[in-house]
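What follows is a short report on a single structure.
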Amino acid sequence: MEEEFLDLLKNVEISYFVMAKRENHEGPYDAAFIEGSVSTPRELNELRELRIRSKTLVAFGDCACSGCVPSILNWIPPAVSARVYENFSLIHSKKESFQRVTPLRDFVEVDVELRGCPPRRELILEVLKSLLIGRKPGLKKYSVCMECKMKENVGLLTSEKRPGMGPVTQAGCGAICPTVGRVCEGCYGPMSDANAPSLAREFMELCGLSKDDVVQKFRKYAGLDSKFEGEAG
Amino acid sequence: MSLEKIVKVDYVPRVEGQGELKIKVRGDMAEVEFVIYEPPRFFEAFLIGRKFNEIHELTSRICGICPVSHQLAALKAVENAMKVEVSDLTLSLRKLLHMGSHIQSHVLNLYLLAAPDYLGYESIIPMAKDRLEVVKRALRLKKLGNDLVELIGGRAIHPVSTVVGGFTEIPSKRAFDSMKSRLMEAREDAVETVRFVSKFNYPNFERRCEHVALTKDGEYAINDGRLRSTEGLDIREEEYRARIKEEQVDYSWAKHSTVVGRGSYLVGPLARVNLNFKSMTDLTKSVADEVGFKPLCYNPFKNLVARALEVLNLVDTSVEVISNLNLRNERVTEREFKPKEGEGYAIVEAPRGVLYHAYGFDGEGRVKWADIAPPTCQNARNIEEDLKAFVPKIAKMNTGDIALRSEMLVRAYDPCISCSVHAQLTS
């Protein structure tokens, strides 16, 4: 957001952002943009505190909205992940207990979900502008296939039988992957009325994917979402 | 008897990720712990079972600042395992893509994370009021890096056209021509960046330690080469684990790397410039001379000068790479290659230093094991060693000033804490 940065500073005061500032304030805040998912008790406490201190809570990015790629861990047996450190229990007990990757909305009320990995700058600006003028952000709920059609792309699923997640994926990215000849991987998470079982069937019957391949496709950016419950396994 | 001072920074500001500094200083002795408490994400665990053609897409998510480095390291390791040859055009485009991402990351560190300390600001925000021209220059260069990555990869963060074997789309000659003229214009901003950063009042501190970087004859290596050091290390990707030891410490989620038989080492811009200065462009070398930078430099704070010189070298070199592109339409799709059983290894230079990826695959191309060593794991022990030597020299200061200067040393390394908190699977 390099072009908007200076104008933005005229309209918002950044009160807490340790990664960019040395002087930070404890709130209360008009709006909190929270990145990342929750996986430790410390993070959960922090999230609850932030909810209390913020008028509007924005889940910023896929990790906060759905768990994103790190949520694949939830299907890995703890014994396998513990092997990442020679003496897992030592750190585990000394630091803090590590739990399942969980999106913010499972613990607190989330006012705005700013999806995407990463969220597109136009969407971030839409949310910021909406907050400033006090209206509901106009985030799209329909499928990314609409954006793809508006770009006059050839549908990779229907014409080339390639397994794109578009039909169940929320718009917002501008259909950038099919535009450069790559199938949609679904990094904006499920659209409002996603029909995942139907797409999963298409993947197997039309594209020749195995059951296991289908599970992995749905278990990538939003496997924890209830709309993908049956398909992510 | 000298007084003991305890310095604590609970959440080190202006670095990527969440870390804590604990320092105890008494006379000439300092105890230092760089505690990384951000929880690990276990990438090496959940990659197991995933397919070879999505590993770069998944590992990209290790980091929002250096996703390109993780993508390229993963792609190279997969191609190494599957014996996939890529074209010269792919190699050139990957180099440009990576150069764009180094510009993005370096400009962010220099102007947004590090500069406020030396100019007396808490952040870039008040700086924008008093030093508008400086901030505008930063924004122009950052946008240039973003746009270069977006042009080649289809998106400025987590590019999408990168796949095993090449790119799904090759940008047009017209798009490259217009990027080339922007890069040529940006040389001036890049030169000014070196001058700006060189004027900072750096602590007079040197500590000789091993500097490690990729090196290659005839070019300033970022995507391939041999891993060499100022103390004689000279290895290929496959030998990394035999020569670099990684160990767990009980106070931090980041593992610590050491060179077997020697000790901690430094990776990143200063190591690269020290080892590869002769491969920098003439313009870069002349500006280095103008600002009085000479390798070998063992002042870790001067990582900033090295980083600024790299920005200039990146801008200058990318003009040349674009001029020599042999553009043709060679699109690759994500399912072009048949998987093979095997093991693959790769080392690239992420903006903050050496990045190692290695994988084992079964006959269906599914990951059997994964091993990733990000630069901040490699720098973690060295940062502590630097602080142990540096803090006693400033022990007379009040604790607030000791904390600030210690943070400045940490920020000079541009650590990426989120990247650092997951190391390899032990068998």
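What follows is calculated from the coordinates using simple rules that are stated; it is not laboratory data. Nothing here was measured: the structure is a model prediction, and the numbers come from that model. Note: ideal-geometry Cβ built from the backbone for every residue, glycine included; neighbour counts use all protein chains shown.
A few remarks follow.
- Efficiency of FRET between A:Asp212 and B:Arg174 - r from beta-carbon atoms, R0 41 angstrom, step 0.05: 0.40
- Modelled FRET efficiency - R0 30 Å, B:Asp362 with A:Lys161, Cβ distances, 0.05 increments: 0.70
- Stokes-Einstein D for the range A:144-232, Kirkwood Rh over Cα pairs, 4 °C, 1.567 mPa s (µm²/s): 101 µm²/s
- Cα Rg, Dmax (largest Cα-Cα span) when computed across the range B:280-411, Å: 21.6, 64
- Restricting the range B:176-229 to GluC sites (Glu not before Pro) that sit in a DSSP loop and have at most 16 other Cβ atoms within 10 Å of their own Cβ leaves B:Glu206.
- The Kirkwood radius of the range A:4-133, taken over pairs of alpha-carbon atoms, gives through the Stokes-Einstein law at 20 °C and 1.002 mPa s a diffusion coefficient of 131 µm² s⁻¹.
- Converting phi to 3J(HN,Hα) with the Karplus coefficients 6.51, -1.76 and 1.60 and the offset θ = phi - 60°, the range B:227-236 yields 8, 10, 9, 6, 10, x, 4, 7, 9, 9 Hz in sequence order, with x at every glycine or proline.
- Since only A:Gly116, A:Ile76, A:Val127 are under comparison, the one whose Cα sits farthest along the positive direction of the charge dipole of the range A:4-133, derived from C-beta charges on Lys, Arg, Asp and Glu, is A:Ile76.
- Eigen-decomposition of the gyration tensor built on the alpha-carbon atoms of the protein assembly as shown gives equivalent ellipsoid semi-axes of 36, 29, 27 angstrom, largest listed first.
- Backbone N within the range B:206-229 under 14 Å of label point (7 Å from B:Lys393 Cα along the Cβ vector): B:206-209
- Volume of the Cα convex hull of chain A, divided per residue and given in Å³: 154 Å³
- Taking 23 Å as the limit for the C-alpha separation, the pairs A:Lys129/A:Lys220; A:Lys10/B:Lys143; A:Lys10/B:Lys136; A:Lys55/B:Lys142 exceed it in the case of A:Lys129/A:Lys220; A:Lys55/B:Lys142.
- The protein assembly as shown, helix-only ellipticity at 222 nm - DSSP H runs n ≥ 4, -39,500 (n - 2.57), divided by all residues, nearest 500: -12000 deg cm²/dmol
- Qualifying trypsin sites (Lys or Arg not before Pro) in the range B:1-105, DSSP loop, other Cβ atoms within 10 Å at most 14: B:Lys83
- Neighbour-count ranking [beta-carbon atoms within 10 angstrom, fewest first] of A:Ser226, A:Ser39: A:Ser226, A:Ser39
- On the basis of the beta-carbon distance and an R0 of 51 Å, B:Glu188 and A:Arg53 show a calculated FRET efficiency of 0.70.
- Sorting B:His211, B:His357 from the fewest to the most surrounding beta carbons within 10 angstrom yields B:His211, B:His357.
- Cβ-defined net charge surrounding B:Lys396, 15 Å radius [Lys, Arg +1; Asp, Glu -1]: +1
- Here the Karplus relation 6.51 cos²θ - 1.76 cosθ + 1.60, evaluated at θ = phi - 60°, turns the backbone of the range B:101-118 into coupling constants of 6, 5, 4, 3, 5, 5, 5, 4, 5, 4, 8, 8, 9, 9, 3, x, 4, 7 Hz, with x for every Gly and Pro.
- Under 18 Å from the A:Glu23 label point (7 Å along Cα→beta-carbon), backbone N, the range B:120-157: B:120-132
- What the pair-distance distribution of the range B:43-420 shows, using all Cα-Cα distances binned every 10 Å from zero, is 5, 24, 34, 25, 10, 2, 0 percent.
- A Gaussian network model of chain A, with springs between Cα atoms under 10 Å, assigns the largest mean-square fluctuation among A:Met19, A:Met165, A:Met146 to A:Met19.
- Cα-Cα pairs of the range B:182-322 separated by more than 27 Å (percent): 28 percent
- Shielding of peptide B:4-17 by partners, expressed as the average count of other chain Cβ atoms within 10 Å per residue Cβ, is 2.
- Measure of compaction for the range B:114-230 (Cα Rg per 2.2 N^0.38 Å): 1.38
- Our coupling estimate for the range B:387-396, obtained by passing each phi through the Karplus curve with A = 6.51, B = -1.76, C = 1.60 and θ = phi - 60°, is 5, 4, 7, 7, 4, x, 6, 10, 5, 6 Hz, Gly and Pro reported as x.
- Estimated dipole of the protein assembly as shown in Debye, rounded to 20 [Cβ of Lys and Arg +1, of Asp and Glu -1, Cα centre]: 280 debye
- Using distinct alpha-carbon pairs, which all enter the 1/r mean, Kirkwood radius of the range B:1-46 in Å: 12.6 Å
- Dipole magnitude (debye, nearest 20) for chain A, charges at Cβ of Lys, Arg, Asp, Glu: 220 debye
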